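The values are calculated or read from the model by the stated rules, or taken from the named source; none is laboratory data. What you see is a predicted model; the values in this text were computed from it and never measured. Note that we place each Cβ from the backbone using ideal geometry, even for glycine, and neighbour counts take in every protein chain shown.
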Amino acid sequence: MEMNQTPVIKIEGLNFRYDRERVLEDINISIPQGAFLGIVGPNGSGKSTLLKLMLGLLKVKQGEIELFGIPQQKFKEWDRIGFVSQKANSFNSGFPATVYEVVASGLTKKAGMFRRISSKYRNDIMDAIESVGMTAFSGRNIGELSGGQQQRVFIARALVSKPDVLILDEPTVGVDSKNVQNFYDMLDHLNSDLGITLLLVTHDIGSISSKVTHVACLNKHLHFHGKTEEFEKLKEGEMSSFYGHDVHFLNHDHH
């Protein structure tokens, strides 16, 4: 896929701490348009903190973040960035809403918080549901779905406003292991076929390697950032030094 020269996200000299604890140190990263970036690293390595800083949920105190070439503090077009957290693992299964209604709720900024979603948005809603393979479930109550199906619905909710970038924080938490590969295939479709730039935080190094175009390995410092082929050439010993414990690659089929 041809990638635009202006990075969708550019980070320079980013440092962050909670009170006295340093979480991120001197992070420099540039994410090109059309990329599928896998962010990997051990627990406590700063992955979720990095996402929160990108999304403006935490304030940048030292360093710079640009979004689509605009300094983050001046950036206004937040509907260009979709975010999906680890919702499927903690979702209230008794919540009385259909798949269609949950996805439609992603349009509240455009349609107005308490207004009924206009029929003019129906195609957008159904397109988002179709893009994650959930058309047959559009009238089903979300509480009746599996964890993986619920997570697909939350991705559709993030997609309905047609973002250029989709950020996912460990989206396979709560997804049955048998369905994880299908889930990654769906993300590959969003990136390869729909052209959406994806950022994916994951612990599953092996499963993502056949899908992602770039990898960032984070453990307070950014130990590696580059194309997937370069990442896969790293020796397991080098990876283990990043993680602070032994790491073993799993072999997966590649497209």
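For the stretch 28-42, indicate whether the set of residues that are at pLDDT 95 or above and more than 18 Å from the chain's Cα centre (by Cα) is non-empty.
Yes, some residue in the stretch 28-42 is at pLDDT 95 or above and more than 18 Å from the chain's Cα centre (by Cα).
Quick grid of which residues meet (1) in contact (Cβ under 8 Å) with a residue 12 or more places away in the chain; (2) within 28 Å of Glu232 (Cβ to Cβ); (3) touching a Phe, Trp or Tyr at 6+ places or on another chain (Cβ under 9 Å); (4) outside any strand (DSSP E or B):
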{"position": "Pro7", "(1), (2), (3), (4)": "yes, yes, yes, yes"}
{"position": "Asp26", "(1), (2), (3), (4)": "yes, yes, no, no"}
{"position": "Ser30", "(1), (2), (3), (4)": "yes, yes, no, no"}
{"position": "Leu37", "(1), (2), (3), (4)": "yes, yes, no, no"}
{"position": "Pro42", "(1), (2), (3), (4)": "yes, yes, yes, yes"}
{"position": "Ser45", "(1), (2), (3), (4)": "yes, yes, yes, yes"}
{"position": "Glu66", "(1), (2), (3), (4)": "yes, no, yes, no"}
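Answer yes or no as to whether Asn191 is closer than 21 Å to Val8 by Cα and either modelled with pLDDT of 90 or more or touching a strand residue (DSSP E or B) at 6+ places or on another chain (Cβ under 7 Å) (or both).
Criteria met by Asn191.
If you take the residues of the stretch 1-42 that are of a type in the set (D, E, K, R) and under 21 Å from Glu230 (Cα atoms), which of them is surrounded by the fewest Cβ atoms within 10 Å (Cβ to Cβ)?
Top of the filtered list is Glu2.
Scanning for something charged (D, E, K, R) and without any contact (Cβ under 8 Å) to a residue 40 or more places away in the chain, does the stretch 180-191 turn up at least one residue?
Checked the stretch 180-191: at least one residue is charged (D, E, K, R) and without any contact (Cβ under 8 Å) to a residue 40 or more places away in the chain.
With respect to the numbered conditions (1) assigned to a helix (DSSP H, G or I); (2) buried (at least 21 other Cβ atoms within 10 Å of the Cβ), which one is the sole condition not fulfilled by Cys217?
Just one mismatch for Cys217, condition (1).
Kindly indicate whether His203 is within 10 Å of Val40 (Cβ to Cβ), at pLDDT below 80 and either part of a loop (DSSP other than H, G, I, E, B) or hydroxyl-bearing (Ser, Thr, Tyr) (or both).
Yes, satisfied.
What residue, of Gly38, Gly13, is farther than 16 Å from Asn219 by Cβ and small (Gly, Ala, Ser)?
Gly13
Could you tell me whether any residue of the stretch 55-62 is exposed (fewer than 12 other Cβ atoms within 10 Å of the Cβ) and at pLDDT below 90?
no
What pairs can you find where one residue is in the stretch 74-97 and at pLDDT 65 or above, the other is crowded, with 16+ Cβ neighbours inside 10 Å and β-branched (Val, Ile, Thr), and their Cβ atoms are less than 6 Å apart, with a gap of 6+ or different chains?
Sorted first by the residue in the stretch 74-97, then by its partner, the pairs are Ile81/Val165; Phe83/Ile167; Val84/Ile155; Gln86/Val173; Ala97/Ile142.
Which residue is nearest to the chain's Cα centre (by Cα), if the candidates are limited to the stretch 191-200 and must be part of a loop (DSSP other than H, G, I, E, B) and among the aliphatic types (A, V, I, L, M)?
Once the filter is applied, the top-ranked residue is Ile196.
Looking only at residues in the stretch 98-118 that are at negative phi and outside any helix (DSSP H, G or I), which one is modelled with the lowest pLDDT?
Phe114
Kindly evaluate Tyr121 against the criterion of being of a type in the set (Phe, Trp, Tyr), in a helix (DSSP H, G or I) and at pLDDT 90 or above.
no
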